[in-house]
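Below: one structure, written as structure tokens.
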Amino acid sequence: PTAKDRALACTALEHVGILDLAERPLNALSGGQKQRALIARALVGDPTVLILDEPTNGMDLVSTTQILGLVRELHERDNLTVLMVSHALNEVANYVNRIALVVERGFRIGTVGEIMTEQTLSHMYGIPVDVDEMHGHRIVVARRNGQQVVGARPHA
């Protein structure tokens, strides 16, 4: 890599908060650190759109919160359009502006307020769904057999 390439890489790593890990191999990083490194790699190309496929899959609560916060920050600060695929409604609903919900019954696109309603989610998933707020965060709870099961997921 050229000096310019290294400078761009360091800037991107700093941008995502892992410049101190620049010399570590990718396979030595935690899940959250690895995801930050992959986002940094994408940022080196100065994209206008960032596409993420399940960016928090398999991560703990802290890493998930950090990655989603970083993605939101990149959108707000850098005016970066982010297209993110996720099955974790409870996680992403609190970090995005618009949702495209795709399930066997069809798809809906709209604001979080339009999509994250009991009526819409119950219709789309075909099961009773409760949507509530706790400390300013939306929570989706799917009811099954009269019992509540946290974390409704689309049919894959």
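Any read-out appearing in this document is the output of simple, stated calculations on the displayed coordinates, not a laboratory observation. Small disclaimer: the values here were computed from a predicted structure and weren't measured. Backbone-built Cβ (ideal geometry, glycine too); neighbour counts: all protein chains shown.
Some notes on this structure:
- A Förster distance of 25 Å, applied to the separation of the beta-carbon atoms of Ser30 and His87, puts the FRET efficiency at 0.70.
- Helical contribution to [θ] at 222 nm, DSSP H n ≥ 4, -39,500 (n - 2.57), averaged over the chain, rounded to 500: -11500 deg cm²/dmol
- 10 Å Cβ shell holding at most 14 others, DSSP loop, GluC sites (Glu not before Pro): longest site-free stretch of the chain: 24-103
- One chain, two ends: Leu61 and Thr117. Fully extended at 0.36 nm per residue, the span grows by 17.8 nm beyond their Cα-Cα distance.
- Across Val92, Val140, Val62, mean-square fluctuation computed from a Gaussian network of the chain (C-alpha pairs under 10 Å connected) peaks at Val62.
- Taking amide hydrogens as placed 1.01 Å from N in the peptide plane, the amide H of Val85 sits under 5 Å from those of Leu52, Asp53, Glu54, each at least 5 positions away in sequence or on another chain.
- Option label - Rg and Dmax of the Cα atoms in Å computed here, alternatives [x] 21.3, 65; [y] 17.9, 54; [z] 17.8, 62: [z]
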